[in-house]
Each structure stands twice: as structure tokens, then as C-alpha cells.
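See structure below.
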Amino acid sequence: MNIHDSSPHPEPNNRVAELTLLYQFSNTMLSTIRLNKLTHLILTAITTPSSNLFERAVLFLRNEKSDVLQGMLGITRWLSEDLLIVGDQDTLGSRWDLSDETISRQRSTDFSMQIRQTRIDIDDSCPLIHQIFAERNVCRSDDISCHNCQTCHFIKPLCNGSFVAMPLVCHGKSIGMIVVDNPDSGREISSDNINFLRLFANQAGMAIENSMLYNRIEEAHLNLKDAQERLQHGERMAAIGEMAANLVHELKNPLVTIGGFAGRLLKLLPVETRQRQYADTIVSEVCRLEKMLVEILAFSRKPTICFSSCDLKEIIQDCLTDCTTSFEDHNIKVSLSGDGSRWGVSGDSHQLKQVFLNLILNSCDVMPEGGELSIRLTPGKAAGDKKTVIVCIEDSGGGIQKEMLPQVFNPFFTTKVHGTGLGLAIANRIILNHFGSIDAHNTGKGAAFIITLPLAEQTDINKGCQDDRS
Ligand SMILES: Nc1ncnc2c1ncn2[C@@H]1O[C@H](COP(=O)(O)OP(=O)(O)OP(=O)(O)O)[C@@H](O)[C@H]1O
Ligand SMILES: [Mg+2]
């Protein structure tokens, strides 16, 4: 039911009407958890024509981290007409609601967008900010002497006439403010309406705080769930690793025997016979299996990392030199850039080389004749202003299918007939052990792998060996 259908219309100075409005707000608060919807309901209720309180309302919330007042929403009366009353009004069980369409219309007005782009520093020298945050008291524009500061600079153009700013107080702290005015009629804001706004803002402050708490709990819950899943994944991986190590151990000895005897057989058989061809296949397949088992064993063992000071560009250059024949055979154009400076990292050069070799070989595998491989080193910054090096390896091999992207770092994930699917899993583990990160995405032309590693400060070259952290 629309609020206009309710009869009789609540009068502005009518206590029953005010109490009904507050009661409906309590009910609304109990059933609205989402902060976004709550802010729309709060401003709509005090601007809706039938409440006849204010013609326009704006909500600002304090961002604790950056200590600024952040504009959240601004609503004018003509978009507040669609406030719905849900439930039985006679038993005071009713509450307000808004359709998704109204919410989106209210959000997309120029006025609301302008408000949402507004950030005001919480500067105590501004009389309005002082009144709202230090005094936690209502502030009328007519009562304050404007210092022409940043706050007025934002609020004045919004409120052509006089306005009232009311703090949203929760647990004795101002968490934001509601600003109201009557720009259409120019009607003065009565003290009755200010008193009502005070009561209303008290409830609104608590409702907003609860809603923000709920959001934080929900976020913490998601983080916890994510951590639990990663832990379970880690446990599964550890179990797979142990099983793989046992299996490899059992398979290796008979495989060596088969390979040995097949090799001997090969020597005994005359060339260009079918039997020789068969024995040849057995020997090469056994070789491939042995190589695979060695890789699986390497993955399932916990390697020791020997940290020393090394130059990442030199390591990558070494890998490129090792792959020269592959590049020449397939006419692949390679470029390595990253100014002349030294890209010093503290790490295990053998393991880091393994990472870049795996990535370069993967790119070679997918690129057609005349492909392009570009490797760029650029400086970056991590949390706490720590300097990092970002290595971007980009190829022109067509990229990775979208649905496969999240899986490429999983052990044993491969799309190749003879692949083990361990190259990227090993690379990921090595980079994590070096306190870095590795990511993959598509560029349109091919795949790009981005590796971030902490740059070694001259003083923190961490020499010595330590066990794998995973
Ligand atoms: N540059 C790339 N372009 C397109 N797909 C890629 C690229 N790099 C990796 N992939 C995809 O990711 C999969 C996993 O790669 P990974 O290096 O882990 O294993 P693999 O290359 O298949 O086998 P292995 O490296 O053990 O011989 C590949 O099979 C391939 O599908
Ligand atoms: Mg590979």
C-alpha cells in the first residue's frame, strides 16, 4: 500500500503521526539489514510528501579509515512519493519498503550522484563539523558563522536557503549526519520538525551502525570461509603429495628395470625391423615416464630454499639463453625490457630460474610460428610501501580459456597430451615461498603471467637456507 493511501494523513505536528512514523521506522530497522536499502528508507521517510517534514535530505557517513565525511545519498521529495507501507497499520505492525526500481531511480539522479562524489575532511575548525562531531548536536545554517571552508564549499551550493544538519549518534559517537532543507517552498524548518529529526536520527544512527556491523560480520565470515577452504585445499594437496610420493617410489624401480631391459633389447635387434621400432617406443615412453615421476617427486617433496642475493633480470636472461634453439626453430621474437638497473631479490636462483623456464616453455608450447614473447620488469609497491619488482611475461599464443583460468595453478591440471600439469603449480609454490605472488590473465593476443617479488633492500639480503613454507 502506498503511504498516500493511508488515512488519515499524518499531520507534521501531530504527536501520534510522529510516533507512528518512529514506530514504523523501528519495525523497518528490524527487518532491513542491507545498508544501501536502509539509507534509502531513512531519507525517503523524512522527505515523503505525506510526512510533510522536509523537501530534501542528504546522508553523510564518516569513513573511519580516511577520516572524511563521505556523501552516501541525496533524495528530493518528488522521488519519495513511492514509499510503501507493508503490513497491518492498525496493529502498529507496519513497516516501510521501497521497490528496487525506486531505489535505482533515487540513486541515479544528478543530485544523488553529486552527493555521492562528495568527500569532506573532518576538520574541527569548521563550526558545522565541530558542532556535529565534537558537540554531537544539531546545527542550523542560520546559527553558524561560515568560515568559507571546504565544508561550506560543498554544502552551501546544495542548500540554497537555510538547512539543518543533524548528527547520527551511536554509542556516544557521531557516525555521520543528515542534512535537510526545503528548497522548493523556501519554508523555514520548524523547531518541532527539528525535534522530530533528532529522535529519528538517534534511531537511524543505531540502525546504520547495526547494519555496518552486520556487513563486517558477513565479510569476516566470508574471509573465514575462504581461509577454511584454502586450509582444506592445502590438506588435500598434502595428502595427494604424500600419496604421489609413495606411488612414485613404488613405480620407479620396476620402471628402471623395464627401461634397462628395453634398452638392451634395442641394441640386440637389427635396424629397420618392426621389433626394433616397438622396443624404441618402449624406451622413449619409459624415459618420458621417468621424467614425469622425477617431476612428481620434486613436487611432493618439501624443497629447501637457499636464499642469496640475485639479479632477477640475469636469471631471466639465463632462461632465454637456454631456450634459444626453441625460439630459433619456431621463429619466435623475444624481447626483455626493464631499464639498466639491477633488479636485486633475495631468493634461490635455481628455483627462480625454474619458475621462469616453466613459464617461457609454456608460452613456446602455445605460440605459432612467428610468435612474440615479451618480458618486462617494472618497479612496484606492496603494502607498507615495500618496493617490489613486477615481471610481466606476455605471449601471442591465443591465451587460456576463461573457464580454465582459475585452474591453471592446480597441480596436475594440464591440457597437453604429454604434460604433467605441474609446471605452474611448482612455479606458484616457489613464488609464494619467496613472499611474492603470481597471476594469470588473457590479453586478447595471448596469455600474460604477472609475478610480483619483493625487491631486496641493501640491508635485508636474507642469506641462508630454509624449509619450504607451504
Ligand atoms: N602461456 C600459456 N598460454 C596458454 N595456456 C597456458 C599457458 N601456460 C599454461 N597454460 C595452460 O595451463 C596448463 C597448465 O600448465 P602447466 O605448466 O602447469 O602444465 P603443463 O605445461 O600442461 O605440463 P608440464 O609443465 O608439467 O609439462 C597447460 O596445460 C595449459 O593448458
Ligand atoms: Mg608447463
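The values are calculated or read from the model by the stated rules, or taken from the named source; none is laboratory data. Computed from a predicted structure; not experimentally measured. Every residue, glycine as well, gets a Cβ built from its backbone with ideal geometry; the counts of neighbours run over all protein chains shown. Just so you know, the surface numbers come from the protein's heavy atoms only, side chains and all, with ligands and any DNA or RNA stripped out. Shrake-Rupley method; radii C 1.70, N 1.55, O 1.52, S 1.80 Å.
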At least 2 residues that are under 34 Å from the mean Cα position of the chain (by Cα) and of a type in the set (A, V, I, L, M) in each: list the helices (runs of 4 or more DSSP H) lying fully within the stretch 14-116 that qualify.
15-31, 35-47, 110-116
For L422, are the conditions met, namely being open to solvent by less than 20 Å² (accessible area, probe 1.4 Å), modelled with pLDDT of 95 or more, in the same structural domain as D329 (by TED's automatic domain parsing) and within 16 Å of ligand 2 (Cβ to nearest atom)?
no
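Residue by residue, here is whether (1) open to solvent by less than 60 Å² (accessible area, probe 1.4 Å); (2) in the same structural domain as V417 (by TED's automatic domain parsing); (3) among the small types (G, A, S) holds:
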| position | (1), (2), (3) |
| --- | --- |
| G241 | yes, no, yes |
| L265 | no, no, no |
| E272 | no, no, no |
| Q277 | no, no, no |
| T281 | no, no, no |
| C287 | no, no, no |
| S309 | yes, yes, yes |
For the stretch 384-406, enumerate the residues that are outside any strand (DSSP E or B), more than 16 Å from ligand 2 (Cβ to nearest atom) and surrounded by 16 or more Cβ atoms within 10 Å (Cβ to Cβ).
S396
Please state which one of F435, F409 is away from ligand 1 (no atom under 16 Å from the Cβ), modelled with pLDDT of 90 or more and part of a loop (DSSP other than H, G, I, E, B).
F435
Scanning the stretch 188-203 for residues that are farther than 21 Å from Y23 by Cβ and in contact (Cβ under 8 Å) with a residue 40 or more places away in the chain, the one most open to solvent (accessible area, probe 1.4 Å) turns out to be S190
Scanning the stretch 346-378 residue by residue, those assigned to a strand (DSSP E or B), of a type in the set (S, T, Y) and more than 16 Å from ligand 1 (Cβ to nearest atom) turn out to be S346, T378
Looking for whichever is within 12 Å of ligand 1 (Cβ to nearest atom) and closer than 22 Å to P454 by Cα here; the options are E403, E394. Which one fits?
E394
